[in-house]
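Here is the structure we will look at.
The values are calculated or read from the model by the stated rules, or taken from the named source; none is laboratory data. Here the structure is a predicted model, which is why all the values come from computation and not from measurement. Counting neighbours? That spans all protein chains shown, and the Cβs are built from the backbone with ideal geometry, glycine included.
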Amino acid sequence: MSGIGPMYPQEKPEHPYLDKSYAGYLIGNYSSRFCAGCGYGIIAQLYTRTFEDEGLDPKKFPLIVGIGCYSQIMLLVHYSAQKVLTLHGRAPAIATGIKMGNPEMKPIIFSGDGDALGIGGNHFIHLCRRNLDAVIFIFNNSIYAMTGGQGAPTTLWGAESTTTPYKMFENRIDGVDLALAAGATYVARTTVAHPRTFMKYFKKGLNHKGTSVIEVIVPCVTYFGRKNVNTLGSEYSELQEEAEKMETAGKMIDWIKKNTVRINQAQFMTEKELFNKYIIGEFRYDPDKPEYSDQYNSIIKIAQGRE
Ligand SMILES: Cc1ncc(C[n+]2csc(CCOP(=O)(O)OP(=O)(O)O)c2C)c(N)n1
Ligand code: SF4
């Protein structure tokens, strides 16, 4: 991540949603704090576009943000979005409080892979188990980026990171599998290289009453790409002569596309073939399971003798 950078108010942003960004709209600052090639800018624009397309009422759809590089998305998302910056891994707990305080609200949670599946794994499990009406995004860049590129529970086997300078040898956690096991009622995975799918899943989550978990595979060029080669995850990874470090956004996006398998293709593949791959698609949609705040309200009525 870099400093906020110079402002060029005389320059008109080419991207239609930059004018709608928090920093762009308020102070005409169109710079980004993300490294060149970071995928988080794409997410900010897709969020803002969906926010406008759906005409989201900011008072009903607060954005609850955990701690990681991605927290800087707050400067880029729609200026009128209500944003709450919370603690590392604790965004689901704050979102639960907000939802229970005012069940009319539907929190949208931003979390990193380290955030939701490492330090906040416990909070994530219980959000899913309760089926609280909220959308939680897990931005998976396979690394703890903000603190210097340490290996995370999601780091692919064989990958290099600052804490695994030879190779990652631990089994990785799969955010989708965990969400399914914990009981989330809408579960999907996509990547920033599939922007239309991102918006489709986001809109579905917004219209679903229950916990929607959307994992998004994102490139971190600085701490993941520069240390790893584009044959990572490939069955041909022993062909090291073809391997290239992924030090640019283009190489990382190409690798993400190559290392991604659609859910309908995955069913014809063996466990060995799927090792280290990202399966994308929709894994569960269950609109019939009772939602937590509704259930809680019915218990209040029983306690008050009204039912
Ligand atoms: C309770 C707690 N533990 C650790 C930290 C230090 N910390 C801040 S951000 C971060 C890593 C974030 O990684 P991730 O959630 O994957 O997001 P990214 O930076 O990759 O976007 C860590 C370990 C913290 N702020 N609070
Ligand atoms: S360190 Fe990685 S995740 Fe953080 S801003 Fe840079 S590219 Fe993005």
Select from segment 132-150 the residues that are within 11 Å of ligand 1 (Cβ to nearest atom) and of a type in the set (Gly, Ala, Ser) and list them in ascending order. SER142, ALA145, GLY148, GLY149
Of all the residues that make up segment 124-176, how many are part of a loop (DSSP other than H, G, I, E, B), hydroxyl-bearing (Ser, Thr, Tyr) and in contact (Cβ under 8 Å) with a residue 24 or more places away in the chain? 3
Find the helices (runs of 4 or more DSSP H) located wholly in segment 194-283 whose residues include 2 or more that are more than 26 Å from GLY55 (Cα to Cα), out of contact with any Ser or Thr (no Cβ under 7 Å at 6 or more places or on another chain) and in contact (Cβ under 8 Å) with a residue 60 or more places away in the chain, and list them. 249-258
Kindly indicate whether any position in segment 160-168 is touching a helix residue (DSSP H, G or I) at 6+ places or on another chain (Cβ under 8 Å), away from ligand 1 (no atom under 15 Å from the Cβ) and at pLDDT 95 or above. yes
For segment 98-113, indicate whether the set of residues that are assigned to a loop (DSSP other than H, G, I, E, B), within 16 Å of ligand 2 (Cβ to nearest atom) and not aliphatic (A, V, I, L, M) is non-empty. no
Of the residues in segment 72-95, those that are in contact (Cβ under 8 Å) with a residue 40 or more places away in the chain and either within 16 Å of ligand 2 (Cβ to nearest atom) or of a type in the set (Val, Ile, Thr) (or both) come to GLN72, MET74, LEU75, LEU76, VAL77
Hey, among the residues in segment 74-92 that are surrounded by 18 or more Cβ atoms within 10 Å (Cβ to Cβ) and under 21 Å from LYS209 (Cα atoms), which one's farthest from the chain's Cα centre (by Cα)? ALA81
Output the number of residues of segment 98-123 satisfying the condition of being more than 23 Å from MET199 (Cβ to Cβ), touching a residue at least 40 places away in the same chain (Cβ under 8 Å) and crowded, with 20+ Cβ neighbours inside 10 Å. 4
In segment 60-78, anything in contact with a Gly (Cβ under 8 Å, 6 or more places away or on another chain), farther than 23 Å from ARG130 by Cβ and either away from ligand 1 (no atom under 16 Å from the Cβ) or in a loop (DSSP other than H, G, I, E, B) (or both) is listed as GLY68, LEU76
Filtered residue count, segment 268-307, keeping only those that are of a type in the set (Lys, Arg) and more than 26 Å from ARG172 (Cβ to Cβ): 3
Out of segment 79-97, which residues are more than 9 Å from ligand 1 (Cβ to nearest atom), within 26 Å of PHE34 (Cα to Cα) and outside any strand (DSSP E or B)? TYR79, SER80, ALA81, GLN82, THR86, ALA91, PRO92, ILE94, ALA95
